[in-house]
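J.: Please see the structure below; I have some questions.
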Amino acid sequence: MLIARAPFRISFAGGGTDLPSYFSDCGGMVVSSTINKYFYVILKPNTDEAIEITSADFGTSERRTKQEVLSVEGDLGYLKLILQQFGLREGVSVFTASEVLPGTGLGSSSTVAVALIKALSTLCGRHVTKSHVANMASGIEIGKLQRPIGLQDQYASSYGGLNVMRFNDEGVEVNPVGLPLEIQEEFEKNVMLFFTGESRDAAIILKEQSQSSAEKQPSVMESLHGIKQSAEDVLEAFGVGDIRAIGKIIHGSWEMKKKLAGGVSNPAIDEAYDLAIRKGADGGKIAGAGGGGYLLLICDPVYQEKVTQGLSSLGLRRMTFHFDHGGAQVLVNSMPPIPGLTFPRDLV
């Protein structure tokens, strides 16, 4: 058996500037942290000449013999494509489970890819760097599946921790924010997440945003420039330990983000956000591309009970968490060799 996991992420500032349509000309920057909510992959030997894939999240299972084509369609398409890239056609059962629902703005699709690539690379006996795992995951999602998404999710999940990421045509640079422990712990206490009850496909929103930035639409480019500056401002506020300022910066960034594409917000989200501000939150935003999922707030602990009660009255549920610092990891590995398993050099 082999058990691997990869963490989900919350992005504080800079989201949207990690799309190639923007950073290829202007450079991108994101400040984010992973949290202790994970996507798990469990691999077991399969004694017959077949592959079995089971997803607890989608409530589905699929079995294919080595003579059958492993289609990459459907909810399990990511998993099946990655298995194909590693040459697997038999001898393994794959079980996956997540602590977070898909489509909720915490980078779920990329976390799936990172966890499975980490698991299979380990089975190949390869010590791959965090950067290589993220690059391979990006190659699957953006290169093979042609999803109009950015690069932050793959790198955040692979590296783990509270990081600043910079993007340009030469690659991705990931560095820890490097806060003193006491400031990081204090900041963590000020971050809240609430599930709105809605999920969505981020690719729909990101496709519109990517097209607009590729066409250099002035209003979209102005917003993206401002969002990138907000990442710089958050980093500066971290440097002086000004947590209250971070909430206000994220609030301003959220106002700019809503101009990037249709569907980023909606009346229900606006109502919940406005209520949170009235109850004492400094600022916040919808995690990920927008449209649903989790509402992220920066809020002084003094006001958190009022905020929680207010949002609960609207049907939102708070999710408690801590920051993760480990990134993608293999927790258990006692797997024997798997027939046909090869390391896909074209993805590195």
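J.: In whole Å, what are the extents of region 275-332 along the principal axes defined by its C-alpha atoms, from largest to smallest?
T.: Rounded to whole Å, the extents work out to 45, 28, 19 Å.
J.: When the convex hull of the Cα atoms of the chain is projected onto a plane and the area is averaged over all directions, what value comes out in nm²? Intermediate results must be reported in sequence, preceding the final value.
T.: Working: hull surface 66.6 nm².
That works out to 16.6 nm², a quarter of the Cα hull's surface.
J.: Arranged from highest to lowest average of other beta-carbon atoms within 10 Å per residue, in what order do the peptides 233-243, 278-288 appear?
T.: Numbers: 233-243: 16.7, 278-288: 22.6.
Listed from highest to lowest mean packing, they are 278-288, 233-243.
J.: What share of all Cα pairs of region 181-319, in percent, falls into each consecutive 10 Å distance bin?
T.: 12, 40, 34, 13, 1
J.: By the scheme Lys and Arg +1, Asp and Glu -1, what is the net charge of all other residues having a beta-carbon under 12 Å from that of Pro45?
T.: Once positives and negatives cancel, what remains is -2.
J.: Quick one: which residues, 5+ away or cross-chain, put their amide H under 5 Å from the amide H of Ala13? H built at 1.01 Å from N.
T.: For Ala13, the qualifying residues are Val31.
J.: Okay, moving on. May I have the pair-distance distribution P(r) for region 111-177, computed from all Cα-Cα distances with 10 Å bins from 0 and rounded to whole percent?
T.: Once binned at 10 Å, the Cα pair distances of region 111-177 give 21, 54, 24, 1.
J.: Per residue and in cubic angstrom, what volume does the convex hull of the Cα atoms of region 69-113 have? Display every interim value, and only then the final one.
T.: Numbers: hull volume 3.5 nm³, N = 45.
Cα convex hull per residue, to the nearest whole number: 77 Å³.
J.: Compute, for the chain, the length of the dipole vector about the Cα centre, with Cβ point charges of +1 (Lys, Arg) and -1 (Asp, Glu) only. Units Debye, rounded to 20. Display every interim value, and only then the final one.
T.: Numbers: 32 positive and 39 negative charges, 92 e Å.
That gives a dipole near 440 debye.
J.: Under 14 Å Cα-Cα from Lys216, which aspartates and glutamates qualify once same-chain neighbours fewer than 8 residues away are excluded?
T.: Partners within reach: Asp25, Glu208.
J.: Calculate one ³J(HN,Hα) per residue across region 116-125 by plugging θ = phi - 60° into the Karplus curve 6.51 cos²θ - 1.76 cosθ + 1.60, and present them in order as whole Hz with x for glycine and proline.
T.: Using θ = phi - 60°, the values come out as 6, 5, 4, 5, 6, 4, 5, 4, 6, x Hz.
J.: Please list, ordered by chain and number, the residues whose modelled amide H lies under 5 Å from the amide H of Asp324; skip anything fewer than 5 residues away on the same chain.
T.: Under 5 Å from the amide H of Asp324 lie the amide H atoms of Thr34, Ile35, Asn36, Gly161, each far enough along the sequence or on another chain.
J.: If r is the Cβ-Cβ distance from Leu145 to Glu182 and R0 is 45 Å, what FRET efficiency results, to the nearest 0.05? Working shown, then result.
T.: Numbers: r = 42 Å, r/R0 = 0.94.
The formula returns an efficiency of 0.60 here.
Each value in this text was obtained by applying a stated rule to the coordinates, not by laboratory testing. Every value quoted in this text rests on a predicted model; they were computed, and no experiment measured them. Glycine gets a Cβ as well: all are built from the backbone with ideal geometry, and neighbour counts include every protein chain shown.
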